[in-house]
Amino acid sequence: MINHYPLWKNLSIFFALALACLYALPNIYGEDPSVQISPVRGAEVNQLLLSETRAKLQSQSLETIGDELTEDQILFRFKNTEDQLKAADLLRLKLSGKFVVALNLAPATPDWLRAINAAPMYLGLDLRGGVHFLLEVDMKAAESQAMQRLSNDMRQYLRENKLRYLGVLVDGKTIRIKFRDQALLDKATESLRGQFKGLEFTPDSSAALNLIARLSETEVVSIREYAVQQNIITLKNRVNELGVAEPVIQKQGDSRIVVELPGVQDTARAKEILGATATLEYRLVDVAHSLSDAINGRVPLGSKLYQRREGGHILLKKQIIVTGNQIVDASSGLDSENGSPMVSVSLDGPGGKKMSDVTRNNIDRPMAVVFIENRSDIKLIDGQQVRTKTKIEEVINVATIRGHFSNRFQTTGLDSSSEARDLALLLRAGALAAPIDIVEERTVGPSLGQDNIDMGFNSVVIGFILVLIFMAIYYKSFGLFADMALAANLVFIFAILSLLQATLTLPGIAGIVLTVGMAVDANVLIFERIKEELRNGNSPQASIQAGYEKAFSTITDANITTLIAAIVLFGYGTGPIKGFAVTLSIGIITSMLTAIIGTRALVNATYGSKQIDTLKI
């Protein structure tokens with residue numbers, strides 16, 4: 001009997017291993033301490049800005065080891081973190097208010113590897129350092145706000161349709177509407193059911209001529225999902241102010257949001273930004289007075305001069321039509337009449353009424369959207385860096401009122417679909433959809449993160465070496481085959497994690513350590529089977545064949561049950577548990593391939609075509 005693989009299978013194994021080595025390679029190059037400059041509020045990065053910032057750094061003797069200019073950022077690389085921190089402080093002072101200056105760790109991957117999209121794994125917060133928040137969205141407040149909004153809409157709808165009512169009262173999760181007579185109640189019930197699809201209307205059994213409205217189960221789910229998603233959008237918008245290079249903001253469970261800010265150590269500053277306020281205001285443009293006079297200091301009474309985001313000034317009426325707090329929803333799209341970009345906006349009841357009153361009397365007059373935000377900037381005062389709070393008010397859009405509208409309308413006059421998407425985002429992200437509470441916070445220092453990396457690396461190396469020594473001593477040449485397969489297994493794990501751009505955490509390292517031990521379990525089963533066959537008097541070649549075949553089902557059963565547990569951990573676990581589950585799942589799959597197919601290829605290459613009397617096992 002001869003044990004051998006066909007040529008195509010050996011070539012496939014070699015090609016897969018070579019590919020894995022190639023994509024695992026970026027992880028050995030490490031990262032450079034870097035400073036990242038990103039534009040905000042219509043600013044742009046260009047070659048001129050790169051030259052100016054480079055000259056500014058050189059004037060302070062801050063040497064870079066490289067710089068990069070892309071469409072959306074400038075990146076400076078430094079030799080050490082000391083120069084990185086000095087450069088970040090210097091650039092924040094120079095570019096304050098115009099650009100976000102972020103600390104970053106940029107991969108030092110060579111260009112030829114980047115050309116084939118080979119990149120290192122991301123490091124989690126516990127390995128890089130930073131701030132972790134677990135936020136909980138107040139779902140009761142979200143439902144209460146929805147009920148208040150719906151009750152206001154109902155009042156307006158009943159008035160507009162001349163359905164006289166005696167009162168509309170919000171009572172917890174229900175809205176109670178009282179009418180004068182039964183005929184009016186029946187008519188209003190039919191009309192309201194057609195208008196408010198997310199509510200269930202039933203007569204009040206405890207009081208005559210009362211109509212009860214309750215949120216349907218699907219509407220409750222929709223309100224809760226909207227509150228979480230809206231808050232995530234708002235938080236992402238605000239986190240940009242922290243200058244965090246790779247923030248993680250994601251939903252956890254039904255009502256919680258995880259915010260991880262790598263590199264941030266100031267929790268007070270992070271809380272300030274996450275809890276900051278931003279809003280919008282709709283105002284009429286003052287076309288009756290001279291803009292040039294206002295710019296020269298003669299601003300008329302009842303008007304105010306504003307800065308336009310794209311540059312220049314505009315004169316607006318002081319009277320506010322509606323604010324961002326009255327915006328229920330906003331979405332971008334195309335105008336059905338001419339196909340131009342537009343933003344569809346929905347207001348609550350009071351906001352819709354005010355908008356209706358204003359637009360009825362101001363058709364063909366321009367209306368502006370003012371974005372207002374409180375920001376914190378770093379300024380140099382008397383030689384010291386001082387954090388100052390500033391209020392930014394800028395006009396982000398001006399459009400002509402084409403017709404009378406109230407709580408639903410379109411904002412047109414936009415230059416592109418991307419501008420429409422940005423405006424819809426600003427309209428939605430002006431304020432949190434529901435209150436949030438910080439239920440957990442922790443800070444991981446950069447030195448602790450490096451300690452975690454060192455300890456995790458040492459644990460993998462020590463475990464790996466001990467397994468190598470044991471297998472080589474106990475199973476001799478077959479143990480060396482297992483050792484080579486184990487090394488290949490680690491390469492495959494790092495390559496797959498890098499290809500997926502997965503985030504490696506400390507629990508993820510634990511999963512790799514566990515995989516190192518589990519990977520040789522399959523070989524132990526196979527080798528013991530071979531030894532058993534030899535004791536039964538079978539020939540070495542027959543023993544190899546039988547050992548691999550008979551151990552396969554046992555290995556498969558053991559690994560599948562572990563894989564099921566890992567999948568359950570990934571499905572129900574939180575961030576750190578997911579990291580453990582991911583590396584464990586990948587390790588289980590790769591260990592089966594290397595332990596069974598890899599070692600078999602090595603055994604076949606060594607013993608397969610020979611007539612042998614004994615095996616070194």
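The values are calculated or read from the model by the stated rules, or taken from the named source; none is laboratory data. Everything numeric here is computed off the predicted structure, so don't read it as measured data. Counting neighbours? That spans all protein chains shown, and the Cβs are built from the backbone with ideal geometry, glycine included.
Going through Val285, Val258 one at a time, which residue ends up being under 30 Å from Leu127 (Cβ atoms) and either in contact with a strand residue (DSSP E or B) (Cβ under 9 Å, 6 or more places away or on another chain) or at pLDDT 85 or above (or both)?
On the way: Val285 fails: under 30 Å from Leu127 (Cβ atoms).
Only one candidate qualifies: Val258.
So for segment 214-226 (the condition being basic (Lys, Arg) and not in a loop (DSSP other than H, G, I, E, B)), does at least one residue qualify? Reasoning before the result, please.
Here is the first cut: in segment 214-226, the residues basic (Lys, Arg) are 214, 224.
Still in the list and also not in a loop (DSSP other than H, G, I, E, B): 214, 224.
For segment 214-226, residues basic (Lys, Arg) and not in a loop (DSSP other than H, G, I, E, B): present.
Kindly list, by first and then second residue, each pair from a residue in segment 146-171 that is assigned by TED's automatic domain parsing to the domain that holds Leu347 to a residue that is assigned to a helix (DSSP H, G or I) and surrounded by 17 or more Cβ atoms within 10 Å (Cβ to Cβ), limited to pairs with Cβ atoms under 9 Å and residues at least 6 apart or on different chains.
Filtered contacts from segment 146-171: no entries.
Among the residues of segment 1-37 satisfying the criterion of being assigned to a strand (DSSP E or B) and either aromatic (Phe, Trp, Tyr) or touching a Pro at 6+ places or on another chain (Cβ under 9 Å) (or both), which is surrounded by the fewest Cβ atoms within 10 Å (Cβ to Cβ)?
Our first condition is that a residue be assigned to a strand (DSSP E or B); within segment 1-37, this holds for 31-37.
Cutting the leftovers down to either aromatic (Phe, Trp, Tyr) or touching a Pro at 6+ places or on another chain (Cβ under 9 Å) (or both) gives us 31-32.
Values: Glu31: 15, Asp32: 20.
Of everything passing the filter in segment 1-37, Glu31 is surrounded by the fewest Cβ atoms within 10 Å (Cβ to Cβ).
From the list Ser51, Ser61, which one is among the hydroxyl-bearing types (Ser, Thr, Tyr), in a helix (DSSP H, G or I) and free of Cβ contacts under 8 Å to residues at least 40 places away in the same chain?
So the residue among Ser51, Ser61 that is among the hydroxyl-bearing types (Ser, Thr, Tyr), in a helix (DSSP H, G or I) and free of Cβ contacts under 8 Å to residues at least 40 places away in the same chain is Ser51.
Name every residue in segment 193-209 that is more than 12 Å from Gln182 (Cα to Cα), assigned to a strand (DSSP E or B) and not polar (S, T, N, Q), in order of residue number.
Leu199, Glu200, Phe201
Against the condition touching a strand residue (DSSP E or B) at 6+ places or on another chain (Cβ under 9 Å), hydrophobic (A, V, I, L, M, F, W, C) and under 25 Å from Phe570 (Cβ atoms), how does Leu486 come out, does it pass? Give the steps one after another, and end with the answer.
On the way: touching a strand residue (DSSP E or B) at 6+ places or on another chain (Cβ under 9 Å): no; hydrophobic (A, V, I, L, M, F, W, C): yes; under 25 Å from Phe570 (Cβ atoms): yes.
Taking the combined requirement at face value, the residue does not satisfy it.
Quick one: count up the residues across segment 437-462 that are at pLDDT 85 or above and either buried (at least 17 other Cβ atoms within 10 Å of the Cβ) or outside the structural domain of Thr594 (by TED's automatic domain parsing) (or both).
Looking only at that region, the number is 0.
Check segment 111-130 and report whether any residue there is under 30 Å from Arg309 (Cα atoms), in contact (Cβ under 8 Å) with a residue 24 or more places away in the chain and among the aliphatic types (A, V, I, L, M).
First pass over segment 111-130, keeping only residues under 30 Å from Arg309 (Cα atoms): none.
No, segment 111-130 has no match at all.
In segment 189-205, what count of residues is obtained for those that are under 45 Å from the mean Cα position of the chain (by Cα) and touching a residue at least 24 places away in the same chain (Cβ under 8 Å)?
Total satisfying the criteria: 6.
Please pick out the residue among Ile465, Ile469, Ile473 that is surrounded by fewer than 20 Cβ atoms within 10 Å (Cβ to Cβ), over 23 Å from Asn27 (Cα atoms) and within 44 Å of the chain's Cα centre (by Cα).
Values: Ile465 fails: over 23 Å from Asn27 (Cα atoms); Ile473 fails: within 44 Å of the chain's Cα centre (by Cα).
Exactly one of Ile465, Ile469, Ile473 is surrounded by fewer than 20 Cβ atoms within 10 Å (Cβ to Cβ), over 23 Å from Asn27 (Cα atoms) and within 44 Å of the chain's Cα centre (by Cα), namely Ile469.
So which of Ala183, Ala146, Ala119, Ala141 ends up being among the small types (Gly, Ala, Ser), touching a helix residue (DSSP H, G or I) at 6+ places or on another chain (Cβ under 8 Å) and closer than 30 Å to Ala207 by Cβ? Outline the logic, then answer.
Working: Ala183 fails: touching a helix residue (DSSP H, G or I) at 6+ places or on another chain (Cβ under 8 Å); Ala119 fails: closer than 30 Å to Ala207 by Cβ; Ala141 fails: touching a helix residue (DSSP H, G or I) at 6+ places or on another chain (Cβ under 8 Å).
Checking each option against the conditions leaves just Ala146.
Exactly one condition in (1) surrounded by fewer than 19 Cβ atoms within 10 Å (Cβ to Cβ); (2) among the hydroxyl-bearing types (Ser, Thr, Tyr); (3) touching a residue at least 40 places away in the same chain (Cβ under 8 Å) is not met by Thr234; state its number.
Here Thr234 clears every test but (1).
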